[in-house]
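Visitor: One structure is given below, represented as structure tokens, and several questions about it will come after.
The values are calculated or read from the model by the stated rules, or taken from the named source; none is laboratory data. Note that the structure is predicted; figures quoted are calculated from it, not measured. Cβ placement follows ideal geometry from the backbone for every residue including glycine, while neighbour counts extend to all protein chains displayed. Each accessible area value is taken on the protein alone, full model and side chains, heavy atoms only, with ligands, DNA and RNA left out. Shrake-Rupley method; radii C 1.70, N 1.55, O 1.52, S 1.80 Å.
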Amino acid sequence: MELTEELIEEIFFRVPPDEPAYLVRAALVCKSWRRILCDRGFLRRYRVFHSRTPPLLGYLHNLYFQGPIPRFVRTSAASPFTTPPSLVHNKSWRALDCRHGRVLARTLKHDDRLVVWDPMTGDQKHLSVPAYPNGQSYNGAVLCAAAVSKDDDPDGCCDHLGCCPFVVVFIVADADRTVRASVYSSETNAWSAPSPCVHVDHLFDDRPSLLAGGALHFAIVGGKTIVKYNLVGHRLLLPADFALDMVMTRTKDGGLGFVAVVGGCVYLWTRTQPTGGWVQHKATEDLDALLPKRYRRRPNYLWREVIGLMEGTDTIFINTAAGIFALDLKSRQARIVGDTDETYNPILPYVSFYTPGRRIYEYSVLLIRCKW
């Protein structure tokens, strides 16, 4: 009995999304399977079937040797991440943000510009950098344009398959610690006028921004201030103080929170009211007990810090002497996603649904090299 394409598709829906190699291998079996898996409609239905929560495919982190050189660490056998030639040939560039299937980077030195690219399709857009006199520190964010007006569910507002318009927010602090922001829209292909300014005591941290409550939040060096950019009102605010070793996170109600490792346990800080004080919650007990057994009690095992999170999920990334671990705070499951050979700064997770699509040849070659 031969299975219909509808039944085959139902089977493919149940392939776990956190290892794209399975679907790549299936696409290499025969033409009919490849046709099903390469159909754009399959990707949309696959996303819906898995509750619209995209899996982790890897992460970027910035290394500083002869200037910032971002590195991508693959967390699955098949990864769509290929750095654009415009960045490969530039010896100094910095990754600023990963969100909604796109990556934002800035090239430096001789060719100063912003680059937005979609690793799934290879599409990229080059933007001029807004001119701010005496600019000394900066940060930036990229997001789907549909998320601008979605305070309650900024990640579920669109399927983020690469064809949707996007927005880039670029924020700069000058020598007088005056902060302004400009917004680029792919729909108008233009930058906005600078926002009204605010004043801070320090320059921007290199941590990525957080999207929460209809606003982007940027950390300031020294752990004293967060700059909040209101997406709808195009204005800057200074809403909260925080400690240096904390990482911003989105709370269950969509607001701003913090997460950190204290005394070997993971803690969360939330507010009961928008203007109220911070309340501490213990998210895990002994962190060492959650790690895979072979990584427990390594030398300097007390060295742990949160260096990133998957926005809109319960997953955080913890740097330890044994390696980098992705920890799901809900399931208490931890898995290693990086070794200790590199010095990791805050990382930028890249999450997306991946099916073979029109780049099947590239990934089949990759799987062969990975001895699939």
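Visitor: Describe numerically, in nm with one decimal, the distance between label points set 7 Å from Cα along Cα→Cβ at T251 and at K293.
Guide: 4.0 nm
Visitor: Would you please give the residues with an amide H less than 5 Å from that of V129, counting only those at least 5 places away or on a separate chain, with H modeled from the backbone geometry?
Guide: Placed amide hydrogens put L114 under 5 Å from V129.
Visitor: Based on the mean of other beta carbon atoms within 10 Å per residue, what is the order of 184-190, 331-337, most packed first?
Guide: Taking the mean over residues of other Cβ atoms within 10 Å, the ranking is 331-337, 184-190.
Visitor: 5 Å is the cut-off here: which amide hydrogens, built 1.01 Å from N in the peptide plane, fall below it relative to G58, excluding neighbours closer than 5 in sequence?
Guide: Answer set, sorted by chain and number: T75, Y350.
Visitor: Too long at a 28 Å Cα-Cα cut-off: which of K125/K252; K228/K282; K252/K293?
Guide: Checking Cα-Cα distances, K125/K252; K252/K293 exceed 28 Å.
Visitor: Quick check: residue separation of D112 and T178 times 0.36 nm, minus the Cα distance between them. What number comes out in nm?
Guide: Using 0.36 nm per residue and subtracting the Cα-Cα distance, I get 21.6 nm.
Visitor: Using mean Cβ contacts within 10 Å as the protection proxy, how do 30-43, 259-272 order, highest first?
Guide: 259-272, 30-43
Visitor: Shifting gears a bit: Taking amide H atoms as placed 1.01 Å from N in the peptide plane, list the residues 5 or more away in sequence, or in a different chain, whose amide H sits under 5 Å from that of G213.
Guide: When sequence neighbours closer than 5 places are left aside, there are no close amide H contacts.
Visitor: When all C-alpha to C-alpha distances in the range 245-352 are sorted into bins of 10 Å, what percent of pairs does each bin hold, rounded to whole numbers?
Guide: With 10 Å bins starting at 0, P(r) equals 14, 49, 29, 7, 1.
Visitor: A follow-up question, please. Calculate the FRET efficiency for S51 and A131 from the Cβ-Cβ distance with a Förster distance of 30 Å, rounded to the nearest 0.05.
Guide: 0.10
Visitor: In addition: With a 1.4 Å probe and every protein chain left in place, work out the accessible area per residue of the range 245-352 in Å², rounded to a whole number.
Guide: On a per-residue basis, the range 245-352 sits at 51 Å².
Visitor: So, by mean Cβ neighbours within 10 angstrom, what's the order for 119-126, 139-146, 93-100 with the highest one leading?
Guide: Top to bottom by mean Cβ count within 10 Å: 93-100, 139-146, 119-126.
Visitor: What's the extension gain from N189 to V262 if we count 0.36 nm per residue and subtract their Cα-Cα distance?
Guide: 21.8 nm
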